[in-house]
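Heads up, the thing below is written out as structure tokens.
Every read-out reported here was derived from the displayed coordinates using simple, explicitly stated rules and does not represent laboratory data. Just so you know, these numbers come straight off a predicted model, no measurement behind them. Neighbour counts run over all protein chains shown; Cβ positions are idealised from the backbone, glycine included.
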Amino acid sequence: MKKKLFTIFGNPVNHSKSPLMHNLAFKGLNYSGCYTRYRLEDGSKLRDKFFELDITGANITVPHKEIAFEICDELDEFAKRVRAVNTIVRRGDKLYGYNSDALGFLKAIEEFKGSKRVLFLGAGGTAKATSIILKDAGYEVTILNRSAKRLEQYPNFKTYTFESFKLEDDYNLIVNMTSAGLKDESLPCPINILETLISSAKAFIDVIYGKETPFLKFAKQHNIPTKDGSDMLLYQGIIAFEKFTNNRFTFKEIEQYMKKAFY
Ligand code: NDP
């Protein structure tokens, strides 16, 4: 039987772990699939590429998640709300869009039971989707961002810029939702703000994975538990895989193979 083809579309994609994660699961579960990577410069070509290359399913990464939302024929309810898609499945001649990033994050923080007051540093696409799912799940989310512009997209949340920030709550989970520290050594907010958060913090969490960011180093220096973005990446991958294979396998079955990408 011909192998089904899956890919990650984005720019850049050369450092993505997704091909390894999905191929380990295909192999372990004896599923006839192959997952590759495709650097796509022009997002407006996304839909055509899907059909031209005969792709069954894809993950979509920076900077094409909003275009991915536009080009789907059908969207699940959560993708509709956040207007961003990171997983697409082709069924017949239709493209179905989902967003598994935010669900992956929600699952990744399950271990911090009882910690419900969350401060997000950053207000980009990932923060937006994740803030909505966390609020639905009963978390109180506050957003702190460098610039004011993006905060306009958070009418239902308490928001601050670095200049307007006042410590008005005891935040339990402090989350770096920015790309600060990804390719540089910067903190996501001024250090004097981080210092005010130490006493109530149960954990500092980063969505960046594969390196210890200055944000996580700061937490370790102050003996605060830390967590990087690896579990979020793993869980969003498992949720995408469930969609790719039309729920043929359970979360646990997929996890046992996909997590080998992180050893
Ligand atoms: P966006 O480009 O949409 O948003 C970037 C945000 O970061 C903005 O709020 C921006 O602030 C802020 N920012 C960027 N650089 C700095 C800096 N040096 N100091 C302070 N603030 C800064 O990014 P995304 O939401 O798409 O991605 C955010 C992060 O999430 C990335 O690091 C990405 O790798 C990670 N990610 C991880 C996943 C995982 O599975 N682990 C999944 C998806 C994303 P401003 O508005 O002022 O510009």
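Close lysine pairs were tallied over the stretch 7-100: pairs 8 or more places apart or on different chains with Cα atoms under 26 Å apart number 14. Taking every C-alpha pair closer than 8 Å and separated by at least 6 residues, the mean separation divided by the residue count of the chain gives a relative contact order of 17 percent.
Of Ser100, Ser164, the sequence from fewest to most neighbouring Cβ atoms within 10 angstrom is Ser164, Ser100. Of all aspartates and glutamates in the structure, those lying under 20 Å Cα to Cα from Lys252, and not within fewer than 8 positions of it along the same chain, are Asp101, Glu110, Glu111, Asp231, Glu242. A cut-off of 5 Å between modelled amide H atoms, ignoring neighbours fewer than 5 places along the same chain, links Gly181 with Ser186. Of all DSSP beta bridges confined to the chain, the antiparallel ones make up roughly 20%. Across the stretch 209-218, computed HN-Hα scalar couplings (Karplus, 6.51 cos²θ - 1.76 cosθ + 1.60, θ = phi - 60°) run 10, x, 7, 8, 6, x, 4, 6, 4, 4 Hz from first to last residue, x flagging Gly and Pro. In order along the stretch 222-230, the phi-based Karplus estimate (6.51 cos²θ - 1.76 cosθ + 1.60, θ = phi - 60°) of 3J(HN,Hα) comes to 9, 6, 9, x, 10, 8, 9, x, 5 Hz; Gly and Pro are listed as x.
Taking a ≥ b ≥ c as the square roots of the eigenvalues of the Cα gyration tensor, the chain is classed as prolate, since a/c reaches at least 1.5 and a/b is larger than b/c. Among residues other than Phe112 with Cβ under 13 Å from its Cβ, the summed charge is +3 (Lys and Arg +1, Asp and Glu -1).
Other residues with beta-carbon under 9 Å from the beta-carbon of Phe69 carry, at +1 per Lys or Arg and -1 per Asp or Glu, a net charge of +1.
Overall form of the stretch 103-228: rounded. Here a/c, set by the Cα gyration tensor axes a ≥ b ≥ c, is under 1.5. Treating only the Cβ of Lys, Arg, Asp and Glu as charged (+1, +1, -1, -1), what charge dipole size does the chain show about its Cα centre? Round to the nearest 20 debye. Dipole size: approximately 620 debye.
Taking Asp231, Asp101, Asp184 in turn, the Gaussian network model of the chain (Cα-Cα springs below 10 Å) assigns the largest fluctuation to Asp184. Relative to the longest principal axis of the Cα atoms of the chain, the long axis of helix 18-28 makes an angle of roughly 60 degrees. Here the Karplus curve 6.51 cos²θ - 1.76 cosθ + 1.60, taken at θ = phi - 60°, turns the phi angles of the stretch 235-241 into couplings of 5, 5, x, 5, 5, 5, 4 Hz, with x standing for Gly and Pro. Counting only residues at least eight positions apart within a chain, or on another chain, the lysines with an alpha carbon under 22 Å from that of Lys166 are Lys116, Lys128, Lys135, Lys149, Lys158, Lys202. From its DSSP helices (H runs of at least four residues, each -39,500 (n - 2.57)), the chain gives a residue-normalised ellipticity at 222 nm of -9500 deg cm²/dmol. Residues with beta-carbon under 13 Å from that of Ser16, excluding Ser16: net charge, scoring Lys, Arg +1 and Asp, Glu -1? Net local charge, Ser16 excluded: +3.
Applying 1/(1 + (r/R0)^6) with r as the Cβ-Cβ distance of Lys113 and Lys27 and R0 = 41 angstrom yields a FRET efficiency of 0.75.
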